[in-house]
Amino acid sequence: MSTERLPEHVPEHLVRDFNMYAPPGIEKDFHEAWVRLLQEDDSCPLVWTQQNEGHWLPTRSSIIEEILTDYSRFSSRSIILPKSHSADHGLLPTTIDPPEHHFYRKTLNHSMAPAAINAMGEDIRAIVTSLIDGFADRGECNFTQDFADILPIRVFLSMMDLPEKDIPQTKYWTDQLIRPDGTITFAEALQNLKDYIAPYVDQRMGADGTDMLSRMINTETNGRRLTREEAIKLSIQVFIAGVDTVVNLLGFVFLFLARNKPHRQQIITGQISVSDAVEEILRRFPLVTVAREVTEDMEFHGVQLKAGDMVAAPTPLAGMDNTFTPNAVAVEFGRKQGNSLTFGRGAHTCPGKNLARVELRIAIEEWLRRIPDFDVNEDAEVSFSSGIVGVVNQLNLRW
Ligand code: HEM
């Protein structure tokens, strides 16, 4: 427990010792580690932790949704915990509130519209099949390294028309922004990514390329285009947001499928469509925890909040909340789906959700076609980490 003094407006009965980067039980299961907070605390809508410079944690899906939607009282100007780390971030459009946010989102939405994503389906399928064919005969693979780590970044570089040889270097910098290992600072990693993307932005500005980067830079919205600096910040944000999330979601999905033959059978026999399976998996395994900064003193669900307080928006909790759907912890293919918080809500709702769904659907389709029966290779222990994005550290599969 932190020794920092408890802020005067925080009553002691709402204090919990919860570090979102290392919740108790994280080694065994990421989502169950988060849900312990819910079980301990059925009656409090919000609790406070002294960890990570002190912040609020909502305990219900409906309250997380309110926080994500109400940008006038819960601003995106600080979205990283601890709050002092938010100052280094400054990327677009995540740290901008409406109405300024609309300009960047229109540009982004245009370049990631469903038609543009659907047109990539066959390219994505080619990447998926070539990866699986590379190890299918082996009878085992390091799923993380051989598949999950590679697919989203190859898709991303292909979308942006950037060279595939840059995968290891760009992945290293992105990892350092999300899960730094201390080899370089956050600021250095960000600068390296900016220096990497800048020449491509210069090359494509004003040209008539059809890749996503060119479309982003050259789309006119509300009578103006992105500046060079804006284009760099926006493309790096897409890079960060679009790679790590899919890498880790693939880990959770294939871990679940490896451990649950009956669910695999439902898909293989056509009893359930892959798209429906993907929706239930997305509902059950959300993995992103961003935060918001309180803009004014207020009473919120009976709790006193002060301007400047930070509030986490833990979507992993939302996926396990029985007030959102009954027996939320169970994966029940075919259950009636509500609008889950996996891709966020409100102005900042994930613009990459169509792409993520397509990547996930094609990965499951092609995997089960080639490797219908597989399980976890228990020689290597499965472990998890928590953070802005939940992580399956290493997953080894065999068949
Ligand atoms: C399973 C995969 C994914 C999950 C679970 C996910 C989740 C999220 C969530 C929860 C947010 C909201 C953050 C907030 O409210 O501050 C978000 C925003 C964002 N996501 Fe995703 N995402 C995924 C994949 C992608 C992909 C594939 C891309 C792009 C290639 C992408 C690009 C973005 C961007 C640019 C934002 C910021 C949007 C804004 O601030 O307006 N995401 N994502």
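Numbers below:
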| read-out | value |
| --- | --- |
| Proximal lysines to LYS171, defined as alpha-carbon separation beneath 30 angstrom and excluding residues fewer than eight positions away on the same chain | LYS28, LYS83, LYS106, LYS194, LYS233, LYS353 |
| Per residue accessible area in Å² of the range 12-398, where ligands, DNA and RNA are left out and the probe is 1.4 Å | 40 |
| Potential lengthening between SER62 and THR221 on full extension [0.36 nm per residue; Cα-Cα distance subtracted] | 53.9 nm |
| Residue among THR174, LEU395, ASN222 farthest towards the positive dipole end of the chain, charges placed on Cβ | ASN222 |
| Test item: Cα-centred dipole of the chain, Lys/Arg +1 and Asp/Glu -1 on Cβ, debye | 860 |
| Rounded if a/c under 1.5, otherwise prolate or oblate - the range 12-398, Cα gyration tensor axes | oblate |
| Two-site FRET efficiency, ASN339 against HIS85, from Cβ-Cβ distance with R₀ of 30 Å, rounded to 0.05 | 0.50 |
| Charge dipole of the range 12-398 about the Cα centre (unit charges at C-beta), most positive-ward option of ALA312, ILE184, MET112 | MET112 |
| Computed helical MRE - 222 nm, the chain, DSSP H runs ≥ 4 contributing -39500 (n - 2.57), nearest 500 | -13500 deg cm²/dmol |
| Separation in nanometres of the label points that stand 7 Å from Cα toward Cβ, at ARG228 and ALA136 | 4.7 |
| Listed peptides 15-23, 91-99 by packing density, highest first (mean Cβ within 10 Å) | 91-99, 15-23 |
| Backbone HN-Hα couplings from phi across the range 369-383 [Karplus 6.51/-1.76/1.60, Hz, Gly and Pro as x] | 5, 8, 10, x, 10, 8, 9, 6, 7, 6, 4, 10, 5, 7, 9 |
| Using a Förster distance of 25 Å, the FRET efficiency for GLN191-LYS165 (Cβ separation, nearest 0.05) | 0.75 |
| Percent accessible area from carbon and sulfur atoms, the range 1-87, protein chains only, probe 1.4 Å | 47 |
| Cα centroid of the range 154-223 to Cα centroid of the range 57-92, whole Å | 25 |
| Packing-based ranking, highest mean first, of 130-136, 277-283 given that Cβ atoms within 10 Å are counted | 277-283, 130-136 |
| Contour excess over end-to-end distance, with Cα ends at ALA113 and SER385 and 0.36 nm allotted per residue | 94.7 nm |
| Carbon and sulfur %, accessible surface of the range 294-399 computed with the full protein complex present, 1.4 Å | 46 |
| Sequence-separation-based contact order of the chain, relative, with Cα cut under 8 Å and 6+ spacing, percent | 27 |
| Rounded to 5, percent antiparallel among DSSP beta bridges of the chain | 90 |
| Point-to-point label distance, GLU12-LYS353, nm (Cα→Cβ direction, 7 Å offset) | 4.3 |
| The range 89-194, dipole about Cα centre (Lys/Arg Cβ +1, Asp/Glu Cβ -1), debye to the nearest 20 | 300 |
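The values are calculated or read from the model by the stated rules, or taken from the named source; none is laboratory data. Predicted, not measured: the structure shown is a model, and the values here were computed from it. So basically every Cβ, Gly included, is an ideal-geometry build from the backbone, and we count neighbours across all protein chains shown. When the accessible area is computed, the model is the full protein with side chains, heavy atoms only, and any ligands, DNA or RNA have been set aside. Shrake-Rupley method; radii C 1.70, N 1.55, O 1.52, S 1.80 Å.
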